[in-house]
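Below is one structure, written out as structure tokens; the observations come after it.
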Amino acid sequence: MNYQLFYAPGAASMAVHWMLIELDVPFETFLVDIDRGEQRDPQYLKLNPSGRVPTLVIDGVAYGETVALMMLLAERHPGSGLVPDIESPQRAEWLQLAIYIANTLMPAMRDWLYAAKDGNPEGADAVKALAEKRISSVWDDFEARLLKKGDYLIGNHFGMVDMLAVMLMRWSRNMPCPAIDRPTLRQYVDRIAQRDSYIELNAREGLSGWPA
């Protein structure tokens with residue numbers, strides 16, 4: 001299996017990068033400097049016409065979309081333990097939660113971060129206020145899940161949805177609704193941040209200072 005990940009530190013590629021480390025498979029990484037606009041370079045757009053990260057090239061074919069890539073990696077590495085097996089009673093819950101994160105939390109995050117850039121700057125404050133409510137409602141849901149389920153979002157086993165969640169919680173660090181201001185979520189993040197894969201991920205991407 002041949003993987004090449006095009007990524008930007010701390011961006012939506014972070015969870016895919018993390019999953020590749022967790023899977024302990026060989027892969028190459030290629031930095032896309034978003035500040036320099038490299039995501040709009042014609043050569044990169046040939047791989048990913050959306051001009052976003054991540055792009056994961058699998059056996060010579062380029063694919064995008066973070067959640068889809070993580071699902072694809074799980075299918076290519078059955079038995080990894082990062083998603084429930086297809087026969088597991090938790091499989092439906094995992095699928096629902098993964099799509100919930102993709103359809104609810106990730107768009108709300110983008111709305112907050114890019115309200116003025118993606119839409120009318122005059123309406124940016126209203127867009128951000130609504131996005132903040134949606135983000136906070138997801139934190140409510142995550143808290144309830146952890147209090148009911150255990151150490152992780154689906155029971156007592158770390159997996160794909162936890163990598164997605166922690167990445168997005170990190171994005172909230174400079175928002176009015178930071179996830180780790182909530183004690184239950186702080187404990188959850190602190191527990192996951194001790195994993196060797198998370199420590200390695202931060203070292204590879206040159207990230208530091210969260211959680212702190």
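None of the figures in this text is laboratory data; all of them are computed from the coordinates on show. A quick note: this is a predicted structure, and the numbers were derived from the prediction, not measured. Glycine gets a Cβ as well: all are built from the backbone with ideal geometry, and neighbour counts include every protein chain shown.
Some points to look at:
- Phi-derived couplings, Karplus 6.51 cos²θ - 1.76 cosθ + 1.60 at θ = phi - 60°, listed residue by residue for the stretch 160-169: 4, 5, 5, 5, 4, 4, 5, 4, 6, 4 Hz, with x used for Gly and Pro.
- Label-zone membership for the stretch 167-181, site Lys133, 7 angstrom Cα→C-beta point, backbone N under 20 Å: 175-179
- At R0 = 30 Å, FRET efficiency that the Cβ-Cβ distance of Thr104 and Ala62 yields, to 0.05: 0.65
- For Lys128, the aspartates and glutamates whose Cα comes closer than 16 Å to its Cα, not counting residues fewer than 8 places off in the same chain, are Asp111, Asp118.
- Highest average packing first - 105-118, 163-176, 140-153, Cβ atoms within 10 Å: 163-176, 105-118, 140-153
- Two-site FRET efficiency, Glu87 against Ile199, from Cβ-Cβ distance with R₀ of 30 Å, rounded to 0.05: 0.35
- Ordering Ser197, Asn174, Phe158 by Cα displacement along the dipole of the chain toward the positive end leaves Asn174 in first place; charges were set at the Cβ atoms of Lys, Arg (+1) and Asp, Glu (-1).
- Net charge dipole, the stretch 86-180: roughly 100 debye, given to the nearest 20, about the Cα centre with Cβ charges of +1 for Lys and Arg and -1 for Asp and Glu.
- Length added when fully stretched, Asn174-Glu122, from 0.36 nm per residue minus Cα-Cα: 16.6 nm
- Straight-line cross-link reach from Lys46 at under 29 Å between alpha-carbon atoms covers these lysines, not counting any fewer than eight positions away in the same chain: Lys117.
- Per residue, the chain reaches -16000 deg cm²/dmol at 222 nm when only DSSP H runs of four or more residues are counted, each adding -39500 (n - 2.57).
- Glu28-Gln4 pseudo-label distance in nm [points 7 Å out on the Cα-to-Cβ vector]: 0.5
- Label positions at Asp141 and Arg76, each projected 7 Å from the Cα along the C-beta direction, are separated by 2.8 nm.
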